[in-house]
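Contents: one structure, followed by commentary.
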Amino acid sequence: VTLFANTTTRLYTQLAQREGLLPIRVTKHYQTIVQEEVAALGHDRGPLFKVAYPTPERLMLRAPDEVPDFVADQQNMPEGLQDIMIRKYRNRVLFLLTDRCAGHCMYCFRQDVLVNQHARTSSDISDRLNRLITYLQEHPEIQEVILSGGDPTNAPFADLDLTLSRLRTETSIKDIRVHTRNAVYAPQALSDRTCRLFGQHNVRLVLHIVHPYELTSETVDAIERAKSRGIRCYSQFPVLRGVNDHASVLAELLTRLDDLAIRPLSLFVADPINYSAPFRVSLHRLFAIMDDLNWHTSAWVNSVRLVLDTPIGKVRREDITSWDSDSGVVVFRRDGAQVIYRDFPESLDDPGDVDILLWKGQR
Ligand code: SF4
């Protein structure tokens with residue numbers, strides 16, 4: 001915080017305490033790349049700064065119908081597993097191994113869950129694991145466990161080791177996924193020891209990388225350490241206004257991920273949660289960006305889906321059943337259920353400037 005302490009960061013700190021937002025937390029590694037960006041641009045309106053530090057827009061811009069928890073994480077924690085597990089699908093669950101992240105993303109769409117968890121005393125790992133394992137044993141239809149959080153690679157190594165060992169020896173689940181942003185925030189967290197552990201347990205690693213300039217040499221080294229242990233690497237990330245909301249930025253990022261043999265899974269529409277307005281993009285513009293990407297890049301770059309995570313699961317453009325342009329109300333239908341989404345108003349959707357977003361120059 002001290003690195004960019006100013007009126008905005010001070011006001012944000014007060015706002016975060018009052019409104020239950022994540023406080024500013026920036027790792028040394030990320031501070032370095034933000035400093036490089038600020039020095040190159042001569043101002044703090046660049047994409048990496050916006051990821052890590054509050055902007056004046058973050059304090060003031062609100063959109064109608066923002067909610068604390070759009071995807072209903074809190075309602076999908078089964079009885080006895082509050083703050084431990086989220087189940088929204090028949091065959092997979094998400095285990096909240098830790099509530100801590102090395103760095104805090106200003107755009108985080110799980111702020112509500114994390115801040116609530118920070119406020120409560122977490123029970124110890126053995127108790128939480130016992131409850132998870134019992135639940136999985138009682139529900140053999142669950143085939144996949146996603147370790148998320150918080151950032152699982154931020155948990156003590158012993159907790160990770162115990163979790164993976166017990167999942168593999170005491171349950172019949174087939175697949176384990178670990179979601180992490182630490183390749184970007186704290187590349188040393190993907191240590192040889194951790195990568196070896198992931199390799200032993202056949203973990204799939206899903207890397208959250210939102211901008212091509214986050215792929216520093218340290219981050220690439222961490223990814224190579226994981227790959228050297230035979231770990232399959234994937235990526236997913238949200239499309240964020242002022243960070244990567246341009247087809248050229250997405251093309252650059254997806255091309256670099258392809259160069260590293262990282263398979264992209266999904267691009268996400270930013271959730272309409274409280275104080276998310278600085279990062280949201282209207283659906284019309286998002287679809288135009290995806291069309292641009294599709295028409296002007298190779299298949300290995302554009303073969304990625306855009307999804308909106310909702311209380312009924314992930315929905316796509318083709319799931320839209322009605323769209324009222326005047327009110328911005330969009331209805332999606334999936335598996336017989338429907339969800340109503342209020343689009344981000346186009347009047348507030350000020351696009352990122354590609355010369356700032358790609359300040360090192362376009363390919
Ligand atoms: S790493 Fe993930 S969970 Fe943690 S603050 Fe960032 S987006 Fe949220």
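Overview of values
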read-out: Ranked by how many other beta carbons lie within 10 Å on average, peptides 171-182, 283-294, 317-328 from highest; value: 171-182, 283-294, 317-328
read-out: P(r) tail fraction, region 86-158 - alpha-carbon pairs more than 16 Å apart, %; value: 54 percent
read-out: Gain upon complete extension [R100, D65; 0.36 nm per residue less C-alpha separation]; value: 9.8 nm
read-out: Point-to-point label distance, S228-F157, nm (Cα→Cβ direction, 7 Å offset); value: 1.6 nm
read-out: Summed side-chain charge close to P152 - residues other than P152 whose Cβ falls under 14 Å, Lys, Arg +1, Asp, Glu -1; value: +2
read-out: Net charge of Cβ neighbours under 12 Å - reference S172; Lys, Arg +1; Asp, Glu -1; value: -3
read-out: Sites H118 and L265, calculated FRET efficiency, Cβ-Cβ separation with R0 22 Å, nearest 0.05; value: 0.20
read-out: Segment Q137-R168, length gained on full extension (0.36 nm per residue, minus Cα span); value: 10.0 nm
read-out: Those lysines that a straight Cα-Cα span of less than 28 Å connects to K28, excepting residues fewer than 8 apart in one chain; value: K50, K227, K360
read-out: Listed residues E79, E252, E214, most fluctuating in the chain (Gaussian network, C-alpha, under 10 Å); value: E79
read-out: Unit charges at the beta carbon, dipole of the chain: most positive-side option, L240, W359, G230; value: G230
read-out: Relative contact order of region 273-337, pairs being alpha-carbon contacts under 8 Å that are 6 or more residues apart, as %; value: 17 percent
read-out: P(r) histogram, all alpha-carbon pairs of region 120-273 included - 10 Å bins from 0, percent; value: 10, 38, 32, 17, 3
read-out: Contact order normalised by residue count of the chain, Cα under 8 Å, 6+ apart, percent; value: 17 percent
read-out: Highest-fluctuation residue, M85, M77, M106 considered, GNM on the chain with Cα pairs under 10 Å; value: M77
read-out: Distance cut-off 19 Å, percentage of C-alpha pairs in region 237-334 lying past it; value: 43 percent
read-out: Spatially proximal aspartates and glutamates relative to K314 (Cα-Cα < 18 Å; intrachain offsets below 8 disregarded); value: D69, D73, E144, D271, D335, D343
read-out: Stretch gain in nm, segment N91-S322, where the contour uses 0.36 nm per residue and the Cα spacing is subtracted; value: 80.2 nm
read-out: Global geometry of region 39-179, whether rounded, prolate or oblate, following the gyration tensor of its Cα atoms and the 1.5 cut on a/c; value: prolate
read-out: Percent of Cα pairs exceeding the 21 Å cut-off, where the set is region 137-220; value: 31 percent
read-out: For the chain, alpha-carbon Rg over 2.2 N^0.38 Å; value: 0.96
read-out: Rel. contact order, % - alpha carbon contacts under 8 angstrom, at least six apart, region 1-61; value: 39 percent
read-out: Max mean-square fluctuation residue, GNM over the chain, Cα-Cα springs under 10 Å, options V329, V71, V26; value: V329
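Read-outs: derived from the displayed coordinates by stated rules, not from any lab. Please read these numbers as outputs of a predicted model, since none were measured by experiment. Neighbour counts are summed over all protein chains in view; Cβ atoms, including those assigned to glycine, are modelled from backbone coordinates with ideal geometry.
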